1. Quick check on my filter: what residues within the range 97-122 are within 20 Å of Q174 (Cβ to Cβ) and touching a residue at least 40 places away in the same chain (Cβ under 8 Å)?
2. Where in the range 103-201 are there helices (runs of 4 or more DSSP H), lying fully within it, with 3 or more residues that are out of contact with any Leu (no Cβ under 7 Å at 6 or more places or on another chain), of a type in the set (G, A, S) and modelled with pLDDT of 80 or more?
3. Please specify each residue of the range 215-228 satisfying the condition of being more than 39 Å from the chain's Cα centre (by Cα), hydrophobic (A, V, I, L, M, F, W, C) and farther than 11 Å from E203 by Cβ.
4. Take the range 202-220 and flag every residue that is part of a helix (DSSP H, G or I) and crowded, with 16+ Cβ neighbours inside 10 Å.
Amino acid sequence: MVEAISHHRGEFVGIVMATIATFAIFINALFLQKGPHPAPIFAARPLMPIETPVARAVPQPQPQPQPRLQAPPAVAAPETAAPSRQQLIVDIQRELQRRGFYDGALDGIWGARTDAATRDFLQAANVKASPDASEALLRLIAASSVKAPRAGAPTRNDPIAELIAPSKRILAIQRALADFGYGQIKPTGFYDPETRAAIEKFERDRRLPVTGQVSDTFIRDLAAMTGRPLE
């Protein structure tokens, strides 16, 4: 072998160098490379990623809407504190009677006599207020010290004085015509030219025969317009 090497020294050195180079390549590829070789001899299969089980959200049951409880309708309490209209009128009649303005029955009816007594009181007290039945009117009369005048009152046993005395019917008509704009009439209770002119104007507006007299047709239409009795 030594003789062969000595005869073929160049070939032997080449074989040794080739062997050393081959081992160096394998050692470098296997142990000295930090990453995969760009051209590996044996291609390695990529490892399959391990799938971790994902916890699926379990659907939670949705809460059912609760039915709304409706409150029972409120029942209005009966108004026991406020007096009725009839009782209110009785109280007004009583207060007017105490002051001498009313001499009728305490019947709770707002008739011509009660209306005239109320207007007489307001005129005597020099107060501008509505002559309708109300709590304010009752308080006004109760708090007032005004008395009805007695001077010049006709005596009931004198028929002449009764004939020339002011008529309550004419007085109610004059007040109604004045309230609804049929002239500047002063409520005197006597049939005068101003009252006649106001009646004629009312008859023309209502397309009635123009007479200027206190007829039944005139009384009926005036009472229907004003909404209060004139008797």
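1. F101, W110, G111, A112, R113, D115, A116, R119
2. 135-143
3. The answer is I219, and nothing else.
4. Within the range 202-220, F202, E203, F218, I219 meet the criteria.
The values are calculated or read from the model by the stated rules, or taken from the named source; none is laboratory data. Predicted, not measured: the structure shown is a model, and the values here were computed from it. In this analysis, Cβ positions are derived from the backbone assuming ideal geometry, glycine residues included, and neighbour counts consider all displayed protein chains.
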